[in-house]
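S.K.: The structure under discussion is supplied below as structure tokens; questions concerning it will follow.
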Amino acid sequence: MAADMRLRVEESLARERRLVERTLEAEEKLEDTLRTEHELRQQIEKYATFHRAVERSGAWRLIQTLRRLLGREW
């Protein structure tokens, strides 16, 4: 009986260690994913800001006006 109980405790500890390892790996992957998402959101915001600046620029509006006169708009 003591050997059976010892075996159960060892198996329980092994399962607990595996669970802790998996949890730590999942947390690391989540941190990496969140960091990547944040970087992508920052890039998108930079591109959106640039796009708005281009659309609001006088040169862009002039080009678009000329293109409309020629029958071709971008």
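S.K.: Would you pick out the residues in the stretch 9-67 that are under 23 Å from the mean Cα position of the chain (by Cα) and among the basic types (K, R)?
M.R.: R22, K29, R35, R41, K46
So that you can scan it fast, the table gives a plain yes or no per residue for (1) at pLDDT 95 or above; (2) not β-branched (V, I, T):
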{"site": "A2", "(1), (2)": "no, yes"}
{"site": "V20", "(1), (2)": "yes, no"}
{"site": "E37", "(1), (2)": "yes, yes"}
{"site": "I44", "(1), (2)": "yes, no"}
{"site": "L62", "(1), (2)": "no, yes"}
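S.K.: Would you check which residues across the stretch 49-74 are part of a loop (DSSP other than H, G, I, E, B) and among the hydrophobic types (A, V, I, L, M, F, W, C) and list them?
M.R.: First, pick out the residues of the stretch 49-74 that are part of a loop (DSSP other than H, G, I, E, B): 57, 70-74.
L70, W74 - these are the residues of the stretch 49-74 that are part of a loop (DSSP other than H, G, I, E, B) and among the hydrophobic types (A, V, I, L, M, F, W, C).
The values are calculated or read from the model by the stated rules, or taken from the named source; none is laboratory data. It should be emphasised that the depicted structure is a prediction, and the values quoted were computed from it without experimental measurement.
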